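> Sharing a structure with you now.
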Amino acid sequence: MASKPPVEVTPDYWDDACKHLIKRDRVLKKLIPQFGEARLQSRGDAFATLARSIVGQQISVKSAQSVWTRWTALLPKLQPAAVLALTVEAQRAAGLSARKVEYLRDLAEHFDSGQVHVRQWAQMDDEAIIEELVAIRGIGRWTAEMFLIFHLMRPNVMPLDDVGLLTGISQNYFSGEPVSRAEAREVGDAWAPYRSVAVWYIWRSLDPLPVDY
């Protein structure tokens, strides 16, 4: 039976964030109106989003989609228990490296055993959620921050390890000169409490297609 397509959700704070950023930042004042009604969208569930991020590590988007399609075809349902029931051999045959098989198993174990507190995330601050996620093999701070922005739609994340963000800040604020994390952080100070929204528009300035995660 075909599963329903995931519902796309957009953040309720987006319009307020745009007004705030247009007032506070000369670059965003010009940038935001260029993208009209386009905005961040979240879909799918937490486990699927993180599993997809592991599958896609260090391979092209096209390859990642191909492996993802083959891997999920092995599963009756995309749930932790189903992943734990898969053999290593079947997953390797779907195109996963041995390391990614281990990472996906660790992710499934964390979800299955309740070591990640999905139901409590709404009440937890960003750093507490990042701490839970980076305890999973194959998930570093950058992946955790992308998850906060794209899945949980947290409004004030500043992913200073993101190459695209640093490039965008360099081009928009420093005439293309390289920028340090400290300089990027300083630019981001003016964006609070809506750093995630500003980051999304800075990414758009490099690639007009909305980032999907």
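> Mind listing whichever residues of region 92-134 are touching a residue at least 24 places away in the same chain (Cβ under 8 Å), small (G, A, S) and within 19 Å of A81 (Cα to Cα)?
A94, A108
Yes or no, residue by residue, for (1) closer than 21 Å to L21 by Cα; (2) over 15 Å from the mean Cα position of the chain (by Cα):
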| site | (1), (2) |
| --- | --- |
| A108 | no, yes |
| L133 | no, no |
| G138 | no, no |
| L165 | yes, no |
| P193 | yes, yes |
| V197 | yes, no |
| P208 | yes, yes |
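> Quick one: R70 ticks every box in (1) closer than 25 Å to A190 by Cα; (2) out of contact with any strand residue (DSSP E or B) (no Cβ under 8 Å at 6 or more places or on another chain) bar one, so which box is it?
(1)
> Here is a further query. Among the residues of region 200-210, are any open to solvent by 40 Å² or more (accessible area, probe 1.4 Å), touching a Ser or Thr at 6+ places or on another chain (Cβ under 7 Å) and either assigned to a helix (DSSP H, G or I) or within 26 Å of A81 (Cα to Cα) (or both)?
Looking for residues that are open to solvent by 40 Å² or more (accessible area, probe 1.4 Å), touching a Ser or Thr at 6+ places or on another chain (Cβ under 7 Å) and either assigned to a helix (DSSP H, G or I) or within 26 Å of A81 (Cα to Cα) (or both), one finds at least one in region 200-210, hence yes.
> I want to confirm something. Restricting to region 19-62 and keeping residues that are within 17 Å of L206 (Cβ to Cβ) and aliphatic (A, V, I, L, M), which single residue is surrounded by the fewest Cβ atoms within 10 Å (Cβ to Cβ)?
Filtering region 19-62 for residues that are within 17 Å of L206 (Cβ to Cβ) and aliphatic (A, V, I, L, M), the one surrounded by the fewest Cβ atoms within 10 Å (Cβ to Cβ) comes out as V61.
> If you don't mind, another one. Exactly one condition in (1) among the polar types (S, T, N, Q); (2) over 28 Å from D45 (Cα atoms); (3) assigned to a helix (DSSP H, G or I) is false for S196; which is it?
(2)
The rows are residues; the columns are (1) in contact (Cβ under 8 Å) with a residue 60 or more places away in the chain; (2) not basic (K, R).
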| position | (1), (2) |
| --- | --- |
| H151 | yes, yes |
| S170 | no, yes |
| P178 | no, yes |
| W191 | yes, yes |
| R204 | yes, no |
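> Residues in region 76-91: is at least one open to solvent by 30 Å² or more (accessible area, probe 1.4 Å) and under 17 Å from the mean Cα position of the chain (by Cα)?
No; the residues of region 76-91 include none that is open to solvent by 30 Å² or more (accessible area, probe 1.4 Å) and under 17 Å from the mean Cα position of the chain (by Cα).
> Based on what the data block shows, is T10 touching a Leu at 6+ places or on another chain (Cβ under 7 Å) and open to solvent by 50 Å² or more (accessible area, probe 1.4 Å)?
Yes, satisfied.
> Determine, yes or no, whether K19 is assigned to a helix (DSSP H, G or I), basic (K, R) and out of contact with any strand residue (DSSP E or B) (no Cβ under 6 Å at 6 or more places or on another chain).
When the stated conditions are applied, K19 passes them.
> When you scan region 50-89, how many residues do you find that are assigned to a loop (DSSP other than H, G, I, E, B) and aliphatic (A, V, I, L, M)?
6
The values are calculated or read from the model by the stated rules, or taken from the named source; none is laboratory data. Just so we're clear, the structure is a prediction, and the values are computed from it rather than from any experiment. Please note: Cβ atoms are built from the backbone with ideal geometry, for glycine as well, and neighbour counts cover all protein chains shown. Accessible surface areas use protein heavy atoms only, side chains included; no ligands, DNA or RNA. Shrake-Rupley method; radii C 1.70, N 1.55, O 1.52, S 1.80 Å.
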